[in-house]
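A short write-up of the structure that comes next.
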């Protein structure tokens, strides 16, 4: 099983050429994502300036997320996420807290591969770039 990172979802929804193969991956393998990615995608839409049909984009995003399993942040994944970020902070290599939450959720659900363009952001996971 693989997890989709926020960047992969955004590129997929935009119809990015680099993300075209994700459609095949989604139909041939079990792919999941996290509630954190759901949040991040929606923040991006709500951050857009006027003149863009936010309601239509929100509906499209919700429809996409309704088609795949969404993993939640629970106590186990929160502790693991905090441990990862704490270690990286001690080593002087901090990353975005949301990326640590995504990694912690994936690892606590025994997912070892994340599909993302952000190769350096996911400690403890294999990153499948596209």
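Of the conditions (1) surrounded by 12 or more Cβ atoms within 10 Å (Cβ to Cβ); (2) more than 16 Å from residue 10 (Cβ to Cβ); (3) modelled with pLDDT of 95 or more, residue 95 fails just one. Which one is it?
Tallying (1) surrounded by 12 or more Cβ atoms within 10 Å (Cβ to Cβ); (2) more than 16 Å from residue 10 (Cβ to Cβ); (3) modelled with pLDDT of 95 or more, residue 95 fails exactly one: (3).
Only one of these is under 16 Å from the mean Cα position of the chain (by Cα), on the phi < 0 side of the Ramachandran plot and not in a helix (DSSP H, G or I): 3, 78. Name it. Show your work before the answer.
On the way: 78 fails: not in a helix (DSSP H, G or I).
After ruling out the rest, the residue left standing is 3.
Determine, yes or no, whether residue 72 is modelled with pLDDT of 95 or more and at negative phi.
Here the answer is yes, as residue 72 does meet what is asked.
Can you tell me which residue within region 61-75, out of those that are without any contact (Cβ under 8 Å) to a residue 40 or more places away in the chain and part of a helix (DSSP H, G or I), is nearest to residue 32 (Cα to Cα)?
Residue satisfying both the conditions and the ranking: 65.
Counting only residues that are under 16 Å from residue 10 (Cα atoms) and surrounded by fewer than 13 Cβ atoms within 10 Å (Cβ to Cβ), how many does region 40-51 have?
So the first thing to find is which residues in region 40-51 are under 16 Å from residue 10 (Cα atoms), and the list is 40-48.
Within this subset, residues satisfying the condition of being surrounded by fewer than 13 Cβ atoms within 10 Å (Cβ to Cβ) are 43, 46-48.
Of the residues in region 40-51, 4 are under 16 Å from residue 10 (Cα atoms) and surrounded by fewer than 13 Cβ atoms within 10 Å (Cβ to Cβ).
Does region 108-130 include one or more residues that are out of contact with any helix residue (DSSP H, G or I) (no Cβ under 7 Å at 6 or more places or on another chain), in a helix (DSSP H, G or I) and at pLDDT 95 or above? Don't jump to the end; show me each part of the working.
Here is the first cut: in region 108-130, the ones out of contact with any helix residue (DSSP H, G or I) (no Cβ under 7 Å at 6 or more places or on another chain) are 109-113, 119-120, 126, 128.
Retained after the next criterion (residues that are in a helix (DSSP H, G or I)): 119-120.
Checking the rest, the ones that are also at pLDDT 95 or above come to none.
Within region 108-130, none of the residues are out of contact with any helix residue (DSSP H, G or I) (no Cβ under 7 Å at 6 or more places or on another chain), in a helix (DSSP H, G or I) and at pLDDT 95 or above.
So residue 89 passes all but one of these: (1) within 15 Å of residue 37 (Cβ to Cβ); (2) without any contact (Cβ under 8 Å) to a residue 60 or more places away in the chain; (3) in a helix (DSSP H, G or I). Which condition number does it fail?
Just one mismatch for residue 89, condition (1).
Take the residues in region 17-53 that are closer than 22 Å to residue 122 by Cα and assigned to a loop (DSSP other than H, G, I, E, B); name whichever of them is modelled with the lowest pLDDT.
It comes out as 29.
Return the total of residues in region 55-82 being over 22 Å from residue 2 (Cα atoms) and surrounded by 15 or more Cβ atoms within 10 Å (Cβ to Cβ).
Total meeting the criteria: 1.
The values are calculated or read from the model by the stated rules, or taken from the named source; none is laboratory data. Everything numeric in this text was worked out from a predicted model, so none of it was measured. For neighbour counting, all protein chains shown are included, and Cβ atoms are generated from backbone atoms with ideal geometry for every residue, glycine included.
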